[in-house]
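Peer 1: The structure under discussion is supplied below as structure tokens; questions concerning it will follow.
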Amino acid sequence: MEVRIQGIHFDVSEKLVNFINKKAERLARRNVNMTLVEVNLRVVKPETAMNKEVVLKVIVPNHGEQVATKVADTFEEAVDLAIDAIDRQLEKDKDKR
């Protein structure tokens, strides 16, 4: 599984990269067919609350692409919310098949 992390208009800290990789690995354990996790991080409006946006895209062969966009006070919180949303999407998709 490949994990791509991109900070839009800022440099992503090593601590945040490690956090995202850890969460992606947990998600991959539940969905072994995942091939790509793409994470885009963006600060929406500086100096306001709820200004960290995460767009998480997961590609699973034969199941297509799952996308979740979440906004929170911190990137870690937004990543957690997006991972939970993707997990629910994958469970629903698995139930349909």
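The values are calculated or read from the model by the stated rules, or taken from the named source; none is laboratory data. The structure presented is a predicted model; accordingly, all values stated were derived computationally and were not measured. Here Cβ is always computed from backbone atoms with ideal geometry, including for glycine, and neighbour counts include all displayed protein chains. Side chains included, ligands, DNA and RNA excluded: accessible areas come from the protein's heavy atoms. Shrake-Rupley method; radii C 1.70, N 1.55, O 1.52, S 1.80 Å.
Peer 1: From the residues in region 37-51 that are of a type in the set (V, I, T) and open to solvent by 40 Å² or more (accessible area, probe 1.4 Å), which one is modelled with the highest pLDDT? Explain how you work it out, then say what you get.
Peer 2: Restricting attention to region 37-51, the residues satisfying the condition of being of a type in the set (V, I, T) are 37, 39, 43-44, 48.
Those left that are additionally open to solvent by 40 Å² or more (accessible area, probe 1.4 Å): 43-44, 48.
Numbers: V43: 92, V44: 87, T48: 83.
For region 37-51, the residue satisfying everything is V43.
Peer 1: Looking at V54, V71, V58, V12 in this structure, which one is more than 11 Å from the chain's Cα centre (by Cα), among the β-branched types (V, I, T) and part of a strand (DSSP E or B)?
Peer 2: Among V54, V71, V58, V12, only V71 is more than 11 Å from the chain's Cα centre (by Cα), among the β-branched types (V, I, T) and part of a strand (DSSP E or B).
Peer 1: Something else: Can you pull out the residues in region 15-44 that are in contact with a helix residue (DSSP H, G or I) (Cβ under 9 Å, 6 or more places away or on another chain) and assigned to a loop (DSSP other than H, G, I, E, B)?
Peer 2: Once the filter is applied, which keeps residues that are in contact with a helix residue (DSSP H, G or I) (Cβ under 9 Å, 6 or more places away or on another chain) and assigned to a loop (DSSP other than H, G, I, E, B), region 15-44 yields N31, M34.
Peer 1: Let me ask you something else. Which of the residues spanning region 52-63 are open to solvent by 40 Å² or more (accessible area, probe 1.4 Å) and either more than 15 Å from V3 (Cβ to Cβ) or in contact with a Gly (Cβ under 6 Å, 6 or more places away or on another chain) (or both)?
Peer 2: Across region 52-63, the qualifying residues are K52, P61, N62, H63.
Peer 1: Report yes if some residue within region 20-42 is aliphatic (A, V, I, L, M), without any contact (Cβ under 8 Å) to a residue 12 or more places away in the chain and under 17 Å from V58 (Cβ atoms); otherwise report no.
Peer 2: Looking only at region 20-42, we keep the residues that are aliphatic (A, V, I, L, M), and these are 20, 24, 27-28, 32, 34, 36-37, 39, 41.
Narrowing further to those that are without any contact (Cβ under 8 Å) to a residue 12 or more places away in the chain: 32.
Keeping just the survivors that are under 17 Å from V58 (Cβ atoms) gives 32.
Yes.
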